[in-house]
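A.B. asks: Just dropping this structure here.
The values are calculated or read from the model by the stated rules, or taken from the named source; none is laboratory data. Source: prediction; values computed, not measured. A quick note on method: Cβ atoms are made from the backbone with ideal geometry, for glycine too, and the neighbour counts reach across all protein chains shown. When the accessible area is computed, the model is the full protein with side chains, heavy atoms only, and any ligands, DNA or RNA have been set aside. Shrake-Rupley method; radii C 1.70, N 1.55, O 1.52, S 1.80 Å.
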Amino acid sequence: MKVLEIMGEQELTGSLRVSGAKNSAVALIPAALLADDDVTICNVPDITDIDSLTEILESLGAKVKRASESIIVDPKPISNKEIPESLAKKLRASYYFMGALLGKYKKVTMYFPGGCSIGERPIDLHLKGFEALGAHVTNDKNKYTVEAEKLIGTNIYLDIASVGATINIMLAAVKAEGVTEIDNAAKEPEIVNVATLLNNMGAKITGAGTSTIKITGVEELHGCFHEVIPDRIEAGTYLIIGALCGKNLKIDNIIPEHLDSLISKLQEIGADLDVGVDYIIVNKEESYKPTNIKTLVYPGFPTDLQQPFTVLLTQCSGKSKVTETIWENRFMHLPYLQAMGAEISLKGQSATILGPIELIGTRVKATDLRAGAAMVAAGLIASGKTTITNVEHILRGYEQIVEKLSSVGAKIESKEI
Ligand code: EPZ
């Protein structure tokens, strides 16, 4: 079994470069099949989720070329519109193939997607959007077939500002007849990155990044060149690590505006941040004030950072609170932080953290992607050795995390035990 071993209490100094955003790349790659010619996407992170998506594209018949941080998708040979369960289950983002295949071929068959066990993770809003566009959805024991004679633009109100549903409906609507308006759309930067790709292909999308997105259907979508935005969640994770044990730690290649909520919370507890145009330099402070965070849709505090941020709250002098409003099961890291000595209690969807407390290294588990990131952050400040199991969760979303942290002085290594 692969594990990560960390010897804690090292001061991290130097520069870390943030990779392309996982939650953008995993939508851009399925979206590429909407084009009638080659689509080149650069700054793609080298993580296992991308490997899974490449496998799905090739199972459909597309040609895919990977070269360092770029991927070239040739959708012309696509002949198959059915995604086997074994592939669909590998990641949540496989569901973007529903919107893309429906949008281009008016038919798709695939299984309920996979993803971290942080909640039930339904796709009812995605399917509601497809049906609103005129598609017929059948579900045979989690095998979904979505097909339409034709797709007609319409107004779609999202009960929840869902990232996935917003993107998936955009993918299905770009070649529909007429105009589609998505109301209460999610506003995450990754959605803007996908809309920009589609517009580069010749789509007509306005309003991405606001709660009302308008898509005017077009007949043709041509190939293009596009770039993945920097990963704000990877950047935020390393900023939190810098506040825990950094000395002049520079987090490079970021878009600070995408991290406004985290930056303001870090400043609120007294973090020492030098915010540049595309970087942030962070220094560990001797003490931090407590604070409360509540996860919200963008631009609120991101749910994907509440787990790593909780580790920082264990070092704040006083009582802090974390309220999770997006996912119903995103506190699986708490028992492992408690095993390391953290004083945390959980009541419903709110965790109360008392600090500062010294964490002690022990054997812990990465229960999901961002819980795994929290275990890494905790291991970096804990005394002694921390061994993290189930590291495949972490490697799905953090490109070269061992190499990046080692390059700034962390004593971290990947081992087979
Ligand atoms: C995306 O998931 C991200 N994943 C998640 O990041 C992130 O936590 C989430 O957005 C919120 O920001 C990817 O982009 C691949 P949602 P997504 O649809 O699209 C409910 C990570 O760590 N909902 O915005 O699946 C849902 O249950 C991952 O990188 C429905 O009820 O999230 C949740 O409570 C974890 N019905 C809420 O909406 C639906 O049809 C938000 O989900 C869809 C969603």
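A.B. asks: In debye to the nearest 20, how big a dipole does the range 294-343 give about its Cα centre with +1 on each Lys and Arg Cβ and -1 on each Asp and Glu Cβ?
C.D. replies: Details: 4 positive and 4 negative charges, 30 e Å.
Here the size comes out at about 140 debye.
A.B. asks: Under a point spin-label approximation (7 Å from Cα along Cα-to-Cβ), what is the Ser70-Glu11 distance to one decimal in nm?
C.D. replies: 4.2 nm
A.B. asks: Does the range 22-227 classify as rounded, prolate or oblate by the C-alpha gyration tensor (a ≥ b ≥ c root eigenvalues; a/c under 1.5 gives rounded; else a/b over b/c gives prolate, otherwise oblate)? Walk me through the numbers on the way to the answer.
C.D. replies: Numbers: a/c = 1.28, a/b = 1.12, b/c = 1.14.
Judged from the Cα gyration tensor, the range 22-227 comes out rounded (a/c under 1.5).
A.B. asks: So, in nm, how far is label Ser264 from label Glu285 when the simple model puts each one 7 Å beyond its Cα toward the Cβ?
C.D. replies: 1.7 nm
A.B. asks: Further question on the same structure: Select from Gly236, Leu359, Ser19 the residue farthest towards the positive end of the dipole of the chain; place +1 on Cβ of Lys and Arg, -1 on Cβ of Asp and Glu, and compute about the Cα centre.
C.D. replies: Leu359
A.B. asks: For the chain, with only Lys/Arg (+1) and Asp/Glu (-1) charged at the beta-carbon, what is the dipole magnitude about the Cα centre, in debye rounded to 20?
C.D. replies: On the way: 42 positive and 52 negative charges, 146 e Å.
Charge dipole, the chain, about its Cα centre: 700 debye, nearest 20.
A.B. asks: Oh, and also: Compute the length gained on full extension between Glu358 and Glu58: take 0.36 nm times their separation in residues and subtract their Cα-Cα distance, giving the result in nm to one decimal. Kindly include the intermediate steps, with their values, before the conclusion.
C.D. replies: Working: separation 300, 0.36 × 300 = 108.00 nm, distance 4.89 nm.
Full extension of this stretch gives 103.1 nm more.
A.B. asks: How much net charge surrounds Gly372 when only other residues with a Cβ under 11 Å from its Cβ are counted (Lys, Arg +1; Asp, Glu -1)?
C.D. replies: Numbers: positive: Lys365, Arg370, Arg396; negative: Asp368, Glu392.
Residues close to Gly372 contribute a combined charge of +1.
A.B. asks: I'd like the distance between the alpha-carbon centres of the range 181-214 and the range 19-81, rounded to an integer number of Å.
C.D. replies: Spelled out, the Cα-based centre of one part sits 20 Å from the other.
A.B. asks: Given a Förster distance of 30 Å, report the FRET efficiency between Asp159 and Val275 from their Cβ-Cβ distance, rounded to the nearest 0.05.
C.D. replies: On the way: r = 36 Å, r/R0 = 1.20.
Working from the Cβ atoms, E equals 0.25.
A.B. asks: Mind running the shape call on the chain? Use the C-alpha gyration tensor, a ≥ b ≥ c as the square roots of the eigenvalues: rounded below 1.5 for a/c, prolate if a/b tops b/c, oblate otherwise. If you can, show how the numbers build up before the last one.
C.D. replies: Working: a/c = 1.89, a/b = 1.80, b/c = 1.05.
Taking the square roots of the gyration eigenvalues as a ≥ b ≥ c, the chain is prolate.
A.B. asks: Give me the angle, in degrees from 0 to 90, between the Cα long axis of helix 189-201 and the longest principal axis of the Cα atoms of the chain, rounded to the nearest 10.
C.D. replies: Once rounded, one gets 30 degrees.
A.B. asks: Roughly speaking, what is the centre-to-centre gap between the range 262-325 and the range 351-417 when only Cα atoms are used, to the nearest Å?
C.D. replies: Between the Cα centre of the range 262-325 and that of the range 351-417, the gap is 18 Å.
A.B. asks: Seen from all sides and averaged, what is the projected area of the convex hull of the Cα atoms in the range 32-140, in nm²?
C.D. replies: Numbers: hull surface 28.6 nm².
Answer in nm², one decimal: 7.2.
A.B. asks: Report the full-extension gain for the segment Thr216 to Asp46: residue separation times 0.36 nm, less the Cα-Cα distance, to one decimal in nm. Provide the component values of the computation, followed by the final result.
C.D. replies: Details: separation 170, 0.36 × 170 = 61.20 nm, distance 3.36 nm.
Separation in residues times 0.36 nm, less the Cα-Cα distance, equals 57.8 nm.
A.B. asks: Can you compute the modelled spin-label distance between Thr145 and Ser406, with each label point 7 Å from Cα toward Cβ, in nm?
C.D. replies: For the pair Thr145/Ser406, the computed spacing is 5.1 nm.
A.B. asks: Please state the shape class of the range 206-245: rounded when a/c is under 1.5, otherwise prolate if a/b exceeds b/c and oblate if not, all from the C-alpha gyration tensor. Before the final figure, lay out each step's value.
C.D. replies: Working: a/c = 7.71, a/b = 2.27, b/c = 3.40.
Cα axes put the range 206-245 in the oblate bin.
A.B. asks: Per residue, how much accessible surface does the chain expose to a 1.4 Å probe? Answer in Å², no decimals. Working shown, then result.
C.D. replies: Details: 15470 Å² over 417 residues.
Per residue, the chain has an accessible area of 37 Å².
A.B. asks: If you don't mind, another one. First select every other residue whose beta carbon is under 14 angstrom from the beta carbon of Asn193; then total the charges, Lys and Arg +1, Asp and Glu -1.
C.D. replies: Values: positive: Lys22, Lys187, Arg232; negative: Glu188, Glu190, Glu227, Asp231, Glu257.
After counting each charged neighbour, the total is -2.
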